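Asks: Attaching a single structure in structure tokens format; questions to follow.
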Amino acid sequence: MAKKLFTAEEIEELCSSPYVASIISSRVNFTTDFKRIAYEELANGKPMRIILEEHGINPEILGRSRLYGIAHHLRENAGREEG
């Protein structure tokens, strides 16, 4: 579980993104489409913070540790058969 819990306002802002599949106070799940886009951009050397900003997601809401976690999980799961 993440140390930083999302506030009601942050949840509302994140929910407005078409790339957020679901969210609770401690966790955000992105759509499969966003994960594919983000992985391709990561593989081309773009930082996770920039990828999120370019897709209308405020990286400050997520925090630095989540940014690293998202990038790590994208890279880790890309090699899996189900992607």
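Asks: Limited to region 57-83, what total is found for residues that are within 11 Å of the chain's Cα centre (by Cα), open to solvent by less than 70 Å² (accessible area, probe 1.4 Å) and of a type outside the set (Lys, Arg)?
Replies: The total comes to 11.
Asks: Can you name the residue in region 6-51 that is of a type in the set (A, V, I, L, M, F, W, C) and farther than 23 Å from Arg80 by Cα and is also most open to solvent (accessible area, probe 1.4 Å) among such residues?
Replies: Among them, the one singled out is Ile24.
Asks: Still on this structure, please answer the following. Is it the case that region 44-52 has a residue that's out of contact with any helix residue (DSSP H, G or I) (no Cβ under 7 Å at 6 or more places or on another chain) and closer than 23 Å to Lys4 by Cβ?
Replies: Yes, some residue in region 44-52 is out of contact with any helix residue (DSSP H, G or I) (no Cβ under 7 Å at 6 or more places or on another chain) and closer than 23 Å to Lys4 by Cβ.
The values are calculated or read from the model by the stated rules, or taken from the named source; none is laboratory data. Bear in mind the structure is a predicted one, so any value in this text is a computation, not a measurement. Methodologically, a virtual Cβ is constructed for each residue, glycine included, from the backbone with ideal geometry; neighbour enumeration extends over all protein chains shown. Side chains are part of the model used for accessible areas, which takes the heavy atoms of the whole protein and leaves out ligands, DNA and RNA. Shrake-Rupley method; radii C 1.70, N 1.55, O 1.52, S 1.80 Å.
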